[in-house]
Every structure is written in structure tokens, then in C-alpha cells.
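Data block below; observations after.
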């Protein structure tokens, strides 16, 4: 093994990883399939309950509530389905182009491709793209469990890529659809001073969907990175409870204030979103491949920050999280107090008003309690708030071993150093240059060593510094690179290795026999 490297925790703790160690063998387990199946049920329950409630409003003649409920269902769903279909079109078109044509069975293949196009078009037209991706993730995971060793790795790669796609799509849908739907239904309940079963079902499904997707996204992101410890299912469940109660308190405070001050509520939401988006942009996140994509991403995260905390930058995120929750607590208190001073006493009794105020405060307190449980007991890197972890925060990483311009990642990737804030942009004009983003070459023969030599597979060189957690690696975002990894994984008897450019190394590293 190589020298040990001390990696910084995403929340500020210190997690140790062997940079030269082989990654642990991964196997799809039954609990992984159950987690995906539960996520599918949450997705279905969220959409079905909203449509059922919209139909209920229409039958009762409440056309205004029917229109708003249906709007918050269809518009976000259309946006997410278009993005999902765009990803499928790129992936499938690239795969059919690589398969070539002109063979004698090109006719049957063309017919099969046409059927796939029609099937996917119908699935996305019926707004079932996420359901299809969940089922596909479950299928790929089971195949990775049942197949032989070589094909198992191939299916595991594909399952991880599909999990990343569905996590990003569902997170976007949750905060474009479930979050406003939750506030809308709670506002209707407050105005009517009555809770109907369908309203409660829709609001509960939206709340669970929001909390589930934040925890699921963080778990898949950690599982995809070899330089981070994976999140346990206990930690994921506690994180769901953490976000469930904090979002519930936030949404109830929003609903109470909006039931009395509709115009001021809109002004407050826009102002809060602008401030949060500016705060995120000022932090110089590193998620996307271009500047404009990064700005759009920051604007979407600004929407998430309206409701809950979402880590977007590595480092001592505990301090940023504390600042965020202090702001959130102050806003929740101000919104609830203003509602309590001006609510309609003809429709709401003082006793019910006090109960609502207590629900907001106790729900937020429960959420913070589960947050401390997660960080003190179930964080992947161990207790973050312990005295032992405090000393690890300020510990220096040992200098890198000289002589190696790149660092290797095996499948799935782990144990890479991360870039600093200014390394993403590089030299002026570097991002827009004509240098290939990634290149492929066969690995050089292993040098003589005391240990037994191992069979090396192809090496994929990525001429970019590796993005810092909590960003996705380039080979999860760049779909061309995904295609290359899957092709080499399927064709090679050994696992291909990924090599990102080490910070400070020149762009032109070696001559490559193959360029993709």
C-alpha cells in the first residue's frame, strides 16, 4: 500500500483513507434494493396523492385550489421529464452510434431501436420517467448481485450512474413540486380552519418526499466517491427525521404567515431566495463544467435554502450550517409571531393558535435534536462534535509523493486528493482551450517490485483536477466519460482506472495512444 493520507471531513471532521489502498469489494445487498423500492413508493405516493387531491378540489367546485394544486404538479414534472428525456436521448444515441451499422441484422436492430424510442417517449409523456429510472436502478443492482465477477462490476457501474441520475432528478422535482405543494396545502388548511384527510395525505407525502430526497441524495453522493466514507442506512434514516421536522416547522410557519399576508409572503420568499443565492455564489461552488451552468445550479440550490440546509461547499460547514439555522429560527419565530398577532380570531380560537405556535417550535427543536444525533453518533467519519475530532480539523495533510503527475481511481473511485477553491478555473483561457477533457491509454507495464505484480487494465486520464466534495465527480456528470468507462469496463477483463490531473501538474502529461 501507499502512504496514508489524512482526508478532511465534509463537515469539518477528519476521516482517514489509504491513498494507495484498493477499494473494498462492493456487493449489492438486499437492503440496497429495499431502499430503492421505498424511494419508488415515496415518489409514487407523492404524485398520486397530489393528483387525487386536485381531482377532489375539481369535483367540489373549488376551481382556484384545483388550478394551483394541478399547476404545482404538472409544471415541475414537465421540467424534470424533459431533462430526463434529454439525458436518455444523449445516452441512447451515443450507444447506437457506437454499435455501428451496415450489418445484415441492422434491420432488426433498427426496429428494436425504434421500439425503445417509442417506449421511452411514451414513458416520459406519461410523466413516469422517474419511476422507470427507479425500476432500472433496481434491475441493475440485482444484476450486479447475480452476475459473474466481471459483469458484476459492469452492472454496478451502471447502477451507480443511474442512481446518480435519479437522485439529481428527484431532488430537483422535490423542491420544485413537493415544497410549494406542501406550503399551499398547509395554507388552505389554515384558511379553512379544517384538515381534510386528502389534504393531510398530500401534505404528508410532500413532506416525506422532501426529507427522503435530501438524505437519499447525500447517501448516493457519498457512495459514489471513493475519498469519502459511505453513509449507513441508520444515518440516512436519522437524516430523514432531521430534515422532516425542520422542513415541517418551516412550512407551517410559511403557511401561517401566507394565510394572513399573501403579498408580503411573496416578497419575503423572493428576498430570502436572492440572499441565499448570493451567499452560495459568493462561496464559489464547484459543481458544474461551465460558469453559466454553475450559476443556474446555485439558483436552484437557493430554492432549496428556502426550506432547509444543503451543503454545497467543502470545509467547516458546521459554522455555515449554524449561521443558516440561526437565520431560519429567527425567520420562523418572526413569521409565526406576526401571524399570531394578526390572525382571524373569528375562524381560529386562541387555543388552536397556541397549539400551532407550539407545533412550529417543537418541530424545529426535534429536527435540531436529530441533527445532533446524526453528527454525534452516526456521521460516516465518526462523531463530528467530539474532542477527538476537533484536533483532526487542523491537522495538515502530508505532502504528496513526488514523481506522480496524476492520481488513480479504481472502480468505483475512491481515495483522491481534492482541489482548492481556485484550481477549478486554472490559467486564463484554460477551460475554453481545445485540449481534450479526457483521454484513454493502455496502462504501462507494472514496474518490478517486491510484491507480486497484478494485471493492469486500461487507464482513463481526465485532464481536470478532481472536484471537491460535495460535488459529483466529472465521470458522473460528463456523459461522454460515462460511456467510455462503461465500454472499457465491459470489454476489459480488469477494471479500468481513472486518473485525474494532480493540482499544479502541467496539462500535457503524456502522449496517448487513444484519444476519445
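Some observations on this one:
- Selection of segment 112-132 for residues being part of a helix (DSSP H, G or I) and either within 21 Å of the chain's Cα centre (by Cα) or within 15 Å of residue 87 (Cβ to Cβ) (or both) yields 116, 117, 120, 121, 123, 124, 129, 130, 131, 132.
- Hey, residue 261 over 22 Å from the mean Cα position of the chain (by Cα) and surrounded by 18 or more Cβ atoms within 10 Å (Cβ to Cβ) or not: no
- Residue check, residue 314 surrounded by 15 or more Cβ atoms within 10 Å (Cβ to Cβ) and under 24 Å from residue 227 (Cα atoms): yes
- Of the numbered criteria (1) surrounded by fewer than 24 Cβ atoms within 10 Å (Cβ to Cβ); (2) in contact (Cβ under 8 Å) with a residue 40 or more places away in the chain, the one residue 253 fails is (1).
- On inspection, residue 257 passes the criterion of being assigned by TED's automatic domain parsing to the domain that holds residue 334 and touching a helix residue (DSSP H, G or I) at 6+ places or on another chain (Cβ under 8 Å).
- Set 145, 170, 158, 153: member being in contact (Cβ under 8 Å) with a residue 60 or more places away in the chain, under 30 Å from residue 254 (Cβ atoms) and in a helix (DSSP H, G or I): 170
- Test: residue in segment 490-509 that is in a helix (DSSP H, G or I), in contact with a helix residue (DSSP H, G or I) (Cβ under 6 Å, 6 or more places away or on another chain) and either modelled with pLDDT of 80 or more or buried (at least 18 other Cβ atoms within 10 Å of the Cβ) (or both): no
- For beta carbons closer than 6 Å, sequence separation of 6+ or different chains, a first residue in segment 18-43 that is not assigned by TED's automatic domain parsing to the domain that holds residue 167 and buried (at least 19 other Cβ atoms within 10 Å of the Cβ) and a second that is modelled with pLDDT under 65 and not in a helix (DSSP H, G or I), the qualifying pairs are 19/2; 19/5; 19/415.
- In this structure, residue 357 does not qualify as closer than 22 Å to residue 210 by Cβ and touching a helix residue (DSSP H, G or I) at 6+ places or on another chain (Cβ under 7 Å).
The values are calculated or read from the model by the stated rules, or taken from the named source; none is laboratory data. This is a predicted model, so every value here is computed, not measured. Every residue, glycine as well, gets a Cβ built from its backbone with ideal geometry; the counts of neighbours run over all protein chains shown.
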